[in-house]
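Here the structure is laid out as structure tokens; the discussion comes afterwards.
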Amino acid sequence: MGTLEQTLHGVLQTIENAAKLAGRPRGARLLAVSKTRPADAVRALAGAGQRAFGENYVQEGVAKARELADLGLEWHLIGHLQSNKCREAAEVFDWVQSVDRLKLVDALDKARPAGRPPLNVLVQVNVDGEASKSGCDPADVPALAAAVAAAPHLRLRGLMAIPEPHPDPARRRDSFRRLKALHDAVAAAFPGVDTLSMGMSDDFETAIAEGSTLVRIGTALFGPRG
Ligand SMILES: *Cc1c(COP(=O)(O)O)cnc(C)c1O
């Protein structure tokens, strides 16, 4: 184990190499997934230069964002969102990656405080049709994307998904490919769509090879969750 700075540098280097290999000079951004990690761990990684952090639970994310407000970090909600949490989410987060139904679009739009820039939104897709997983049906992506794009206090940026953690890497690659195709269709229909959030600690190089622009990484940065 090296220092946190070395770990961050190593992950960034791996991302850059994967992007180069894929012929993508603009590379992919790193979202540090800080769920279950104390605010001090976020502060330390921010000290090493990381700016964007992802949280799964509204309450936990709000607490950390408020405690670390002096750092001016970028906060992403990546976990399932209940409609009764939309107000707090829209007040504190900079991005919500888990919009998977129309009800959330309306609630987030109404709750985004005046005077803040539009809330960046990704439509979450249940790309492998798993019964227990959040995310909309791929067939519902165009309608949801249109609703987000039409909401004055939201800004449609793209798609997010957590593919089925299939042991066969070829199956995972296929999920990433289907997501990329969905994303390209959305990007062709709506200006400003520039983000495809896919890839986690154990598959982010494959995700980048298949077109990810934002990888969400927890374990590879902070170590195993307790
Ligand atoms: C926890 C989580 C991650 C990060 O997973 P790691 O395997 O720790 O990198 C990424 N995305 C979502 C939606 C998560 O819930």
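The values are calculated or read from the model by the stated rules, or taken from the named source; none is laboratory data. Small disclaimer: the values here were computed from a predicted structure and weren't measured. Every residue, glycine as well, gets a Cβ built from its backbone with ideal geometry; the counts of neighbours run over all protein chains shown. Heavy atoms of the whole protein, side chains included, go into the accessibility calculation; ligands, DNA and RNA do not. Shrake-Rupley method; radii C 1.70, N 1.55, O 1.52, S 1.80 Å.
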Sparsely packed GluC sites (Glu not before Pro) within the range 126-226, loop by DSSP, other Cβ within 10 Å at most 15: 130
Enter the Cα centre distance for the pair the range 85-106 and the range 156-226, rounded to the nearest angstrom. 20
Judged on accessible area alone, 1.4 Å probe, highest first, 174, 203 line up as 174, 203
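Rounded to the nearest whole Å², what accessible area per residue is found for the range 3-222 with the 1.4 Å probe?
45
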List nothing, just return the count: lysine pairs in the range 3-222, 8 or more apart or interchain, with Cα separation under 29 Å. 18
Any chance you could tell me what percent of the C-alpha pair distances in the chain go past 24 Å? 42
Other residues with Cβ under 14 Å from the Cβ of residue 8 give, with Lys and Arg +1 and Asp and Glu -1, a net charge of +2
Which net charge results for the neighbourhood of residue 51, defined as the other residues with beta-carbon distances under 12 angstrom from its beta-carbon, given Lys and Arg at +1 and Asp and Glu at -1? -1
Dipole check, the range 3-222, charges on Cβ (K,R +1; D,E -1), about Cα centroid: among 121, 21, 82 the Cα furthest to the positive pole belongs to 121
Count neighbours as other Cβ atoms within 10 Å of each site's Cβ, and list the trypsin sites (Lys or Arg not before Pro) in the range 33-104 that are DSSP loop with at most 14 such neighbours. 51
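How would 24, 173 rank on accessible area, largest to smallest, probe 1.4 Å? Provide the component values of the computation, followed by the final result.
Values: 24 55, 173 80 Å².
Listed by decreasing accessible area, they come as 173, 24.
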Of the accessible area of the chain, computed with a 1.4 Å probe and all protein chains kept, carbon and sulfur make up a percent value of 54
Please report the net charge: other residues with Cβ closer than 14 Å to the Cβ of residue 167, K and R +1, D and E -1. -3
